[in-house]
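Quick note: the coordinates plus some simple rules give every number you see, no bench work behind them. Note that the structure is a prediction, hence the values are computed from the model and not measured. Using ideal geometry, Cβ is built from the backbone for each residue, glycine included, and neighbour counts are taken over all protein chains shown.
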Amino acid sequence: MTMDMMKKVPVREQDPKVRAANFDEVCLGYNKEEAEAEAQRCLNCKRPFCVQGCPVSIDIPGFIAKVKEGDVEGAYNVISQSSALPAICGRVCPQESQCEGKCVRGIKGEAVSIGKLERYVADTAREMGIRPTVTAEKKGKKVAVIGSGPAGLTCAGDLARMGYDVTIFEALHKAGGVLVYGIPEFRLPKDAVVEKEIENVKALGVKIETDVVIGKSVTIDGLMKDEGYDAVFIGSGAGLPRFMNIPGEQAMGVFSANEYLTRSNLMKAFREDSRTPIMRAKKAVVVGGGNVAMDAARTALRLGAEVHIVYRRSEAELPARKEEVEHAKQEGIIFDLLTNPVEIHADENGWVKGITCIRMELGEPDASGRRSPVPVEGSEFYIECDAVIMSLGTSPNPLISSTTEGLDINRRKCIVADEANGQTSKPGVFAGGDAVTGAATVILAMGAGKAAAKGIDEYLSNQ
Amino acid sequence: MFRIVKKEVLAPNIYLMDVEAPRIAKHALPGQFLIVRADDDGERIPLTICDYDAESGIVQIVFQAIGADTHRMAKLETGDCFADMVGPLGRPSDLCEIPLEDLKKMKICFIAGGVGTAPVYCQLKWLKNNGVNVDCIQGARTKDIIILEDEMRAVSDLHICTDDGSYGIKGNVCVALEQLINEGKQFDRVVAIGPMIMMKFVCQLTKKLDIETIVSMNPIMVDGTGMCGACRLMVGGQVKFACVDGPEFDGHLVDFDQAMQRMKLYKNEETRLLLREQEGESHHGGCGNC
């Protein structure tokens, strides 16, 4: 096989026209031949910058070397030492700003396709029936993990591997958190990938109790005093969806991206046989530019809508992963950039009929260093639509912070936790992920879960 | 598992069930609700809590079979299990936070409409157990659909009214409230729980009478834990989420018209699902759109 070593081995994808009408996975992943060819491109650097770029510090050159040799089980074992969820990370991590962003190959050409290789290893290992194993001795100590999203699963998996008796408490009826309710099937298959990775975490001895809302069904103090947990990790995720507070936002046909995606992903409303209703819009406007906005837009598209993304900054500032933006464009999503909604209009029955937007221009950089958008006076225009999906981020859920004495929160109402070990202001209570940082990414949450597992082990070992 | 240990038919299409749900039973307080799923592909149905017993771990629910999923729930029998039951959700009634001495001095009138009787019973029982006596107006269209009458009478000074006059005061709950006031009763708080339209009219009346009024809102919900935002309402010009900020709100600040309109959001889909389940393959409207 001849190849240009400067370029990635291209990954096969569903044709944009075909996939715009189905919920099957967009990216088809590497086969053995493609993966081994891509693995050849790794320079096996002595000082691997890619590992520094990985929030969970996977030995990337180590696992790629195994792929090169055709040893998938060996590669899987290398990854498993650092990550409990490789099939998920290989799909949803923003590799271009992490491992691949640091790859030496990327200086002159394209970085090694680390994400796609990770995915190949995880998928192939799963098909071969390879599972992670626990060898640690039982420590005889109980840890409660709140939330079964990426932070919780990672923390629980690591602690189980160390020999702790771990129970995850999940508020919804299904485990997985944002992996299940937030990220769509076409990006992250639920039965084939998410469920299997959760089974792997359970295979490490982790128990999962669904239908438990911490702060309501039981409090953190209750877990520690009455149920005998020695430490608690809070990975409860982000919270309430934000709205713009513009006129017309209560009209029928205005949804938060969280609601829209939860209906489609968790409740399977995209399937004809689902019992959960979802609005199949003719023309939908999605407000926002993050990954969640892309997911909502591409879901609405697959449910039959013409979709416009309205974002107040320019393309360069879109917070979504580049790959998601590219995929969205290929599928026919229309980007109305430097545009901001000012009013939603409803018909006489209260249903959305259109939205007035205003053009924006970029002014001086704000505190975050991003140039802040300023409205262009008199540039208002009208977009006809029957649905508006607000994807503006979330603000923290108060259920845990308001029911746990001694747990400090910051100005933004996020739980305060030490980045290095997850320690909160309350002894024995650790936290990480969106509950601490506000809405961020799957892999950052996993990194926090990992750090907290170490922190919890240190805390319990010193007791 | 969430096993049904008792089932009763209270009135046509209105069911009472005792369910094993120890975590909910241990922490529930009046005013809170729970979410239930009949089976593995069921919808998440929010229901107010009618009664709970921490010791036995039993929670009591009352529901009306209206949509496809509540009809499925109604088919479950004693010994069957719900796939899921989660709670208690929402904030407890603020009555639970008022010092008992002050509470005993308050003159409260509860107003219960339809299956809203169940959550009212929960509050009345809690008040009675704490030595607080209150009045309660229980309204229904007609005598046959009055539920839990003996239980309600045991925990309050009960005044029943029916629209058709077949039992108690003739007229709706507003007529009954005005009658009580005309008879010399004085109230410094009304707590109204029932259909939104009933709560709206009660609030219009109590605003005129200048009586503080609390209502319990039951909008469309998905997760019920403050994640999806489907249950948002306008209260005093601000967006509030019924699942975490409520379900109880100052009724004089709630925008009922908007809340009622939002309830229609999935009406067509829900009706279609119900018809599909009831009539199976025989259901064809003929228009080609269903």
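Could you work out the helix-only [θ] at 222 nm for chain A, with each DSSP H run of four or more residues adding -39,500 (n - 2.57) and the total divided by the number of residues, to the nearest 500 deg cm²/dmol?
Only helices count here, giving -9000 deg cm²/dmol.
For segment A:196-220 and segment A:101-140, compute the distance between their C-alpha centroids and round to whole Å.
25
How do A:146-152, B:5-11, A:172-178 rank on mean C-beta neighbours within 10 Å, highest first?
A:146-152, A:172-178, B:5-11
Mind pulling the angle between the C-alpha long axis of helix B:267-279 and the longest principal axis of chain B? Nearest 10 degrees, somewhere in 0 to 90.
Once rounded, one gets 60 degrees.
Can you give the charge dipole size of chain B about its Cα centre, rounded to the nearest 20 debye, using +1 on the beta carbon of Lys and Arg and -1 on the beta carbon of Asp and Glu?
440
Sort A:368-375, B:255-262, A:424-431 for me by packing, meaning the mean count of neighbouring Cβ atoms within 10 Å per residue, highest on top.
Packing order, densest peptide first, comes out as A:424-431, B:255-262, A:368-375.
To test your reading of the geometry: what angle, between 0 and 90 degrees and rounded to tens, separates the Cα axis of helix B:173-182 from the longest principal axis of chain B?
With rounding to tens, the tilt is 10 degrees.
Whole number please: convex hull volume per residue, Cα atoms of segment A:38-82, in Å³.
Hull volume over Cα atoms, normalised by residue count, gives 64 Å³.
Please sort B:25-31, A:388-394, A:318-324 by packing, taking for each peptide the average over its residues of neighbouring beta carbons within 10 angstrom, highest first.
A:388-394, B:25-31, A:318-324
Just check segment B:1-159 against the gyration tensor rule for me: Cα atoms, a ≥ b ≥ c as the square roots of the eigenvalues, rounded for a/c under 1.5, and otherwise prolate or oblate depending on whether a/b exceeds b/c.
Judged from the Cα gyration tensor, segment B:1-159 comes out oblate (a/c at least 1.5, b/c at or above a/b).
Which GluC sites (Glu not before Pro) in segment B:77-110 pass both tests, a DSSP loop state and at most 14 other beta-carbon atoms within 10 Å?
Within segment B:77-110, the qualifying GluC sites (Glu not before Pro) (loop, at most 14 other Cβ atoms within 10 Å) are B:E77.
Just going by the charge dipole of segment A:244-348, with Lys and Arg at +1 and Asp and Glu at -1 on Cβ, which of A:A257, A:H308, A:A346 is farthest out on the positive end?
Working it through, the farthest residue towards the positive pole turns out to be A:A257.
Which trypsin sites (Lys or Arg not before Pro) does segment A:25-65 hold that lie in a coil by DSSP with at most 13 other beta carbons within 10 Å?
Filter output for segment A:25-65: A:K46.
In sequence order, what are the phi-derived ³J(HN,Hα) couplings for segment A:30-41 according to the Karplus relation 6.51 cos²θ - 1.76 cosθ + 1.60 with θ = phi - 60°, rounded to whole Hz, with x for glycine and proline?
Working through the residues one at a time gives 7, 8, 4, 4, 5, 5, 5, 5, 5, 4, 4, 6 Hz.
If the reach is capped at under 24 angstrom between alpha carbons, list the lysines near B:K207, excluding any in the same chain fewer than eight residues apart.
Output for B:K207: B:K104, B:K105, B:K107, B:K170, B:K185, B:K240.
If you average the alpha carbon positions of segment B:1-51 and of segment A:1-42, how far apart do those two centres end up, in angstrom?
Measuring centre to centre over Cα atoms gives 50 Å.
Under 21 Å between alpha carbons, and skipping anything fewer than 8 positions from B:K75 in its own chain: which lysines qualify?
Here the lysines satisfying the reach criterion relative to B:K75 are B:K6, B:K7.
Students often forget the sequence filter, so: which lysines lie under 22 Å Cα-Cα from A:K282 once same-chain residues fewer than 8 apart are removed?
Answer for A:K282, where 22 Å is the Cα cut-off: A:K17, A:K268, A:K329, A:K353, B:K264, B:K267, listed by chain and number.
Mind checking which of B:V19, B:V36, B:V175 has the largest fluctuation in a GNM of chain B, springs on alpha carbons under 10 Å?
Maximum fluctuation in the GNM of chain B, among the listed residues, is at B:V175.
Each residue of segment A:251-260 in order: what ³J(HN,Hα) in whole Hz does its phi give by Karplus 6.51 cos²θ - 1.76 cosθ + 1.60, θ = phi - 60°, with x for Gly and Pro?
Computed from phi, the couplings for segment A:251-260 are 4, 6, x, 9, 10, 7, 4, 4, 5, 4 Hz.
Run the dipole for chain A about the Cα centre, Lys and Arg Cβ at +1, Asp and Glu Cβ at -1, nothing else charged, and hand back the magnitude in debye, nearest 20.
Roughly 620 debye for chain A.
Compare the Cα positions of B:G139, A:A144, A:A160 along the charge dipole of the protein assembly as shown (+1 at Cβ of Lys, Arg; -1 at Cβ of Asp, Glu; about the Cα centre) and return the one farthest towards the positive end.
A:A160
Residue by residue through segment B:81-97, what is 3J(HN,Hα) from phi via Karplus (6.51 cos²θ - 1.76 cosθ + 1.60, θ = phi - 60°)? Round to whole Hz and write x for glycine and proline.
10, 7, 5, 8, 8, 10, x, x, 10, x, 8, x, 4, 5, 4, 5, 9
Relative contact order for chain A using alpha-carbon pairs under 8 Å, separation at least 6, rounded to a whole percent?
Dividing the mean separation by the residue count of chain A yields 15 percent.
Rounded if a/c is under 1.5, else prolate if a/b is larger than b/c, else oblate: which is segment A:226-360, with a ≥ b ≥ c the root eigenvalues of its Cα gyration tensor?
prolate
Classify chain A: rounded, prolate or oblate, from the alpha-carbon gyration tensor (a ≥ b ≥ c, eigenvalue square roots; a/c under 1.5 rounded; otherwise prolate if a/b is larger than b/c)?
Oblate, since a/c reaches 1.5 and b/c is not below a/b.
Relative contact order for segment A:90-220: what is it in percent, counting Cα pairs under 8 Å that are at least 6 residues apart?
So the answer I get is 23 percent.
Expressed as a whole number of Å, what is the distance separating the alpha-carbon centroids of segment A:269-333 and segment B:240-260?
30
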